[in-house]
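The values are calculated or read from the model by the stated rules, or taken from the named source; none is laboratory data. Bear in mind that the values here come from a model prediction, so they are computed numbers and not experimental data. Here the Cβ is made from the backbone with ideal geometry for all residues, glycine too, and neighbour counts use every protein chain on show.
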Amino acid sequence: MRPPRLIATALLALIWLGGALAVLQVVLSAGVPTEGAASLMAHASGMAAGYGAAIMLILMSRSPWLERDVGAHRLARWHGWGGRLVIILTVVHTLLAVQAWAEARSTDRMTAIKDVLSLPGLTAALVGAVMLLLVGLASLRRLRRRISYERWHFLHLLTYLAVALAFAHQLAGSDLAGRKSVQIAWSLLYTYAFALVLRWRVLQPLFQLWRHRLRVEEVRQESPNVMSVLMSGRHLDELRAQPGQFFRWRFLTRTTWHAAYPFSLSAPPTCERLRITVKARGDGTRRIFRIPVGTLVFAEGPYGGLTQRRRRRPRVLMIAGGVGISPMRAMFEVIDLPGKDVTLVYRASSEQDLVLKHELDEIAERSGARVVYLVGPSTDAANEMSARALNRIVGDLSDHDVYLCASPRLAGRVRDSLMLGGFPRHQLHEERFSF
Amino acid sequence: MSDTAFEVGRRTPRIARLAGAPSYLIRWMLRIVTVSLFSAATVVGVSLGIGAPEISPTSMVQQPVALSDR
């Protein structure tokens, strides 16, 4: 297997190269107006925004190649800053285009706005730009905390409509008009992006629903606010899911069908059963707790590269915080190492929060692996999760592959400490689920 | 085949019965779906590109103004 980092770097370089070419062809284009800097900047930002929007669709298409070889968390990170950049470029393009129009026609901005909006495709493009801006605002950290995951997810779906609304304007824009080969290439970029989305985000889950008939078999309480959902279906081996991976689950009841939640498998998948373990974080996840047995499940996936395929070193340290134990529990059972040199460090704020403990103890006893529970307040020195403390627990940390899944705060602390301590980045494998 | 099995077989829609097909058939079906989808995307993309405007609406309005300014 090629290292994901190398593939990711190559892909990122390709994306930037495409962006540079899109902007460069504006500068070299004979049709570029030379009235002022505003005009040139409007054209360049518009092309860059249009190109970026298509790239964002491709990155979020859930294409298995991207998910496996680049990694879900890396794609989400790229999408996070790439999406912001596209929205900023769209706003800059809109403002500068009006400014350039007003300058070219020696008119005021209000008249320029009226003139511009009377052009074919421009009203639809403006509606698209406003929708993108709304999505961007909803994703701002401060606002995002106040919006439920379900609303945020629904708002995000509007971006497809926004991108489609702006397409006619892009194709007829003066940077592309009259240049058939570039117009065809641009159209293909968009139709392929939408085809990827349709193939992997719509058809694949529908196909999986039809083929596997996944249904809720049992909902089991693990702790006051953590539940395990056991699902059964047919031919589940065809999914080729691996312990450590996750799906986006949509439970088809009247109150839960509209939202897809990313949850890791908390047990190795079998031909007939899948299990997830879920913590109640909001109204949406709480509703999952009340799902009736027999509910059909629409599952997108499997996604994520937090699997034992990533392992390179002879020893493994797994670090789990709270419900982050889910993927670790699944991997802990199957990870196969000579000498079984596997240590699982499980951090929880109280004994009650240690979910699946009996299963972990049983696996450890059977396989000879080790589980270390760190329970209690984080201020307690015994619960320290620094590189030094972890080194004390396992000995020779640098000889380990470290798998990490915890809350963003705990994962951040552990990651920073490991990096500061000189731990090699490529030996740290993690999945982040914050949205 | 017993009467009950016959009844179930008759009442299950054909598309649902297909879901039980062997894996290799399903894999081929998915490949065909993927190829068809991207072929359609190619046709639509090329048609959109060919049918796209030769002259941009913005340049149509801008040019006479720019010329008259000079």
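Details
- Residues (among the aliphatic types (A, V, I, L, M) and either under 19 Å from A:ARG312 (Cβ atoms) or not assigned by TED's automatic domain parsing to the domain that holds A:PRO314 (or both)) located in region A:383-413: A:ALA387, A:LEU390, A:VAL394, A:LEU397, A:VAL402, A:LEU404
- Meets criteria (surrounded by 13 or more Cβ atoms within 10 Å (Cβ to Cβ) and either of a type in the set (Lys, Arg) or under 30 Å from A:HIS79 (Cα atoms) (or both)) for A:ALA389: no
Conditions tested, residue by residue: (1) closer than 30 Å to B:GLY45 by Cβ; (2) touching a Leu at 6+ places or on another chain (Cβ under 9 Å).
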| site | (1), (2) |
| --- | --- |
| A:LEU143 | no, yes |
| A:LEU158 | yes, yes |
| A:LEU161 | yes, no |
| A:LEU189 | yes, no |
| A:ALA193 | yes, yes |
| A:ARG213 | no, yes |
| A:VAL219 | no, yes |
| A:LEU236 | no, yes |
| A:PHE251 | no, yes |
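- Hits in region A:231-241 (condition: within 25 Å of the chain's Cα centre (by Cα) and either surrounded by fewer than 18 Cβ atoms within 10 Å (Cβ to Cβ) or within 14 Å of another protein chain (Cβ to nearest Cβ) (or both)): A:LEU236, A:ASP237, A:GLU238, A:LEU239, A:ARG240
- So A:ALA138, is it modelled with pLDDT under 90 and either surrounded by 15 or more Cβ atoms within 10 Å (Cβ to Cβ) or not assigned by TED's automatic domain parsing to the domain that holds A:ILE55 (or both): yes
- Restricting attention to region B:19-68, the residues being more than 8 Å from every other protein chain (Cβ to nearest Cβ) and at pLDDT below 70 number 5.
- Complete set of residues in region A:277-286 that are charged (D, E, K, R) and either touching a strand residue (DSSP E or B) at 6+ places or on another chain (Cβ under 6 Å) or not in a helix (DSSP H, G or I) (or both): A:LYS279, A:ARG281
- Residue match in region A:397-409 (condition: basic (Lys, Arg), modelled with pLDDT under 90 and either in contact with a Phe, Trp or Tyr (Cβ under 8 Å, 6 or more places away or on another chain) or closer than 19 Å to A:LEU354 by Cα (or both)): yes
- For region A:394-410, the condition of being in a helix (DSSP H, G or I), under 25 Å from A:GLN245 (Cβ atoms) and basic (Lys, Arg) holds for at least one residue.
- Scanning region A:206-221 for residues that are more than 9 Å from chain B (Cβ to nearest Cβ) and either surrounded by fewer than 21 Cβ atoms within 10 Å (Cβ to Cβ) or within 12 Å of A:LEU274 (Cα to Cα) (or both) gives A:LEU206, A:LEU209, A:LEU214, A:ARG215, A:VAL216, A:GLU217, A:GLU218, A:VAL219, A:ARG220, A:GLN221.
- Hey, A:THR256 assigned to a loop (DSSP other than H, G, I, E, B), within 28 Å of B:ARG31 (Cα to Cα) and outside the structural domain of A:HIS73 (by TED's automatic domain parsing) or not: no
- Top-ranked residue of region A:376-423 - restricted to ones that are aliphatic (A, V, I, L, M) and touching a Lys or Arg at 6+ places or on another chain (Cβ under 8 Å), ranked as nearest to A:VAL278 (Cα to Cα): A:ALA406
- Some residue of region A:98-120 being within 30 Å of A:TYR261 (Cα to Cα), aliphatic (A, V, I, L, M) and outside the structural domain of A:ARG250 (by TED's automatic domain parsing): no
- Candidates are the residues of region A:179-194 that are of a type in the set (A, V, I, L, M, F, W, C) and farther than 20 Å from A:HIS156 by Cβ; the one that is surrounded by the most Cβ atoms within 10 Å (Cβ to Cβ) is A:TRP186.
- Cβ-Cβ contacts under 6 Å between residues 6 or more apart (or on different chains), taken from a first residue in region A:350-379 that is in the same structural domain as A:ARG315 (by TED's automatic domain parsing) to a second residue that is outside any helix (DSSP H, G or I) and among the basic types (Lys, Arg), are listed as A:LEU374/A:ARG347.
- Complete set of residues in region A:70-85 that are farther than 20 Å from A:GLY46 by Cβ and assigned to a helix (DSSP H, G or I): A:ALA72, A:HIS73, A:ARG74, A:LEU75, A:ALA76, A:ARG77, A:TRP78, A:HIS79, A:GLY80
- Residue match in region A:315-332 (condition: at positive phi and among the aliphatic types (A, V, I, L, M)): no
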